[in-house]
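The values are calculated or read from the model by the stated rules, or taken from the named source; none is laboratory data. Owing to the predicted nature of the structure, the values given are computational and were not obtained by experimental measurement. Neighbour counts are summed over all protein chains in view; Cβ atoms, including those assigned to glycine, are modelled from backbone coordinates with ideal geometry.
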Amino acid sequence: MDLRDLPAPEPLIRALAAADALAPGQAVAVLTPLLPAPLLSMLQARGLHWESVPCDDGGVQVTILHSAE
């Protein structure tokens, strides 16, 4: 899900909605223009796991995972 061109707070809202819709064992990747620290702390508070990887264009890909526990 590419969120890089959306005005704030739309990327945060959409990323959280996608994360909340995940079933156990599912993941979703979001592209952001920079590391979204507020999103990461909200994901952690929800008990979700995440990984971030820098993109070639300077953005960040954040993969959000709902563990299958």
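Within the stretch 42-65, does at least one residue satisfy the condition of being part of a helix (DSSP H, G or I) and exposed (fewer than 15 other Cβ atoms within 10 Å of the Cβ)?
Within the stretch 42-65, one or more residues are part of a helix (DSSP H, G or I) and exposed (fewer than 15 other Cβ atoms within 10 Å of the Cβ).
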task = For the stretch 2-25, enumerate the residues that are modelled with pLDDT of 95 or more and of a type in the set (Asp, Glu).
result = Asp2, Asp20
inquiry  = Testing Gly58 on (1) at positive phi; (2) free of Cβ contacts under 8 Å to residues at least 12 places away in the same chain, one condition comes back false. Which one is that?
reply    = (2)
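Out of Val53, Val30, report the one residue that is modelled with pLDDT of 95 or more and closer than 14 Å to Arg4 by Cα. Let's see the steps before the verdict.
On the way: Val53 fails: closer than 14 Å to Arg4 by Cα.
That would be Val30, the only listed residue that is modelled with pLDDT of 95 or more and closer than 14 Å to Arg4 by Cα.
Which residue is nearest to the chain's Cα centre (by Cα), if the candidates are limited to the stretch 14-37 and must be in a loop (DSSP other than H, G, I, E, B) and under 12 Å from Cys55 (Cα atoms)? I'd like the intermediate steps shown before the answer.
Narrowing the stretch 14-37 to residues in a loop (DSSP other than H, G, I, E, B): 21-26, 33-36.
Checking the rest, the ones that are also under 12 Å from Cys55 (Cα atoms) come to 33-35.
Values: Pro33: 12, Leu34: 11, Leu35: 10 Å.
Top of the filtered list is Leu35.
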task = Only residues that are under 19 Å from Gln26 (Cβ atoms) and touching a strand residue (DSSP E or B) at 6+ places or on another chain (Cβ under 6 Å): list them for the stretch 41-66, please.
result = Leu43, Leu48, His49, Trp50, Glu51, Ser52, Val53, Gln61, Val62, Thr63, Ile64, Leu65
